[in-house]
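Some notes on the structure that comes next.
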Amino acid sequence: TIPCDKSLHQTVIQSLKDSCKEKDFIDTVTAENQPDEDDSSSESDEESKEGQTTKISPKQTSVPRPTKVSGKTLKPSKPSTVDCDKDHKVIAQDDKNIQGVLVVKSCHASRFARKPSRCNHVGNKLGALLKSRLDKAGIKGQYPVNIVKTAGDKTQTEFHYTIPCDKSLHQTVIQSLKDSCKEKDFIDTVTEENQPDEDDSSSESDEESKQGQTTKISPKPTSV
């Protein structure tokens, strides 16, 4: 049905008939008629149902597809936490680099080991917060946070990272890193990246069996 004032009935009816003839319309119907993964109907099923009429309620509610083939609902993980004063160690690696280790609680190490893009997002967020602070201090340049290794178990994750930085700026960058760690935007990003996704088949027992697992991450991981 289409809501339409009586004075426009003939005009709208003719426009509908013309619209029906457009190739773009039938192409859309063809595309929507394609089978999907939960479509078990065969050609013979379709033939036996010819002439079948289905009524659609005006306010039909779409049923969201399960995020996993099994239909299992993924339970969100609780928020991650970090004690930046106690669990964030940053030191000068050499005259051109800084290295740091950040321990995050309520963070599944195996999820970051399986999916390096999670580490990239965490590193990018910390790097963005760091750059913002340095810009405000009048220090220009690029100081990317490269997460090179993760370690831990189902309860916590250690993020090992490096940052290229001249010796003259070491103390300034180190202090800015410690301050950036405390920003809500950073820990929110870690919490978001720690959530299970549709290919996360790990259970609590799986996580326990992987305690102490250490995974090295190449500087430029390739997502599968």
Please count how many residues of the stretch 132-150 are touching a Phe, Trp or Tyr at 6+ places or on another chain (Cβ under 6 Å) and assigned to a helix (DSSP H, G or I).
0
Which numbered condition I98 misses (of (1) over 21 Å from Q195 (Cβ atoms); (2) out of contact with any His (no Cβ under 9 Å at 6 or more places or on another chain); (3) of a type outside the set (S, T, N, Q)):
(2)
Could we say that Q99 is at pLDDT 75 or above and either assigned to a strand (DSSP E or B) or surrounded by 10 or more Cβ atoms within 10 Å (Cβ to Cβ) (or both) here?
yes
So is V122 modelled with pLDDT of 95 or more, in contact with an Asp or Glu (Cβ under 9 Å, 6 or more places away or on another chain) and either crowded, with 17+ Cβ neighbours inside 10 Å or not in a strand (DSSP E or B) (or both) or not?
yes
Meets criteria (crowded, with 19+ Cβ neighbours inside 10 Å and either modelled with pLDDT under 95 or in a strand (DSSP E or B) (or both)) for F186
no
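If you check K149, K136, which single one turns out to be loosely packed, with under 15 Cβ neighbours inside 10 Å, out of contact with any Asp or Glu (no Cβ under 7 Å at 6 or more places or on another chain) and among the basic types (K, R)? Don't jump to the end; show me each part of the working.
On the way: K149 fails: loosely packed, with under 15 Cβ neighbours inside 10 Å.
Step by step, each of K149, K136 is checked, and only K136 is loosely packed, with under 15 Cβ neighbours inside 10 Å, out of contact with any Asp or Glu (no Cβ under 7 Å at 6 or more places or on another chain) and among the basic types (K, R).
Could you tell me which of the residues T1, T61 is at pLDDT below 55, more than 30 Å from Q156 (Cβ to Cβ) and either in a loop (DSSP other than H, G, I, E, B) or in contact with a Ser or Thr (Cβ under 7 Å, 6 or more places away or on another chain) (or both)? Walk me through how you get there before you give the answer.
On the way: T1 fails: at pLDDT below 55.
Criteria check complete, one pass: T61.
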I need a count of the residues in the stretch 159-176 that are surrounded by fewer than 17 Cβ atoms within 10 Å (Cβ to Cβ) and part of a strand (DSSP E or B).
1
Has the stretch 120-139 got any residue that is without any contact (Cβ under 8 Å) to a residue 40 or more places away in the chain, in contact with a helix residue (DSSP H, G or I) (Cβ under 8 Å, 6 or more places away or on another chain) and more than 16 Å from C181 (Cβ to Cβ)?
yes
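The values are calculated or read from the model by the stated rules, or taken from the named source; none is laboratory data. Worth saying up front: this structure is predicted, and the values here are computed from it rather than measured. Neighbour counts run over all protein chains shown; Cβ positions are idealised from the backbone, glycine included.
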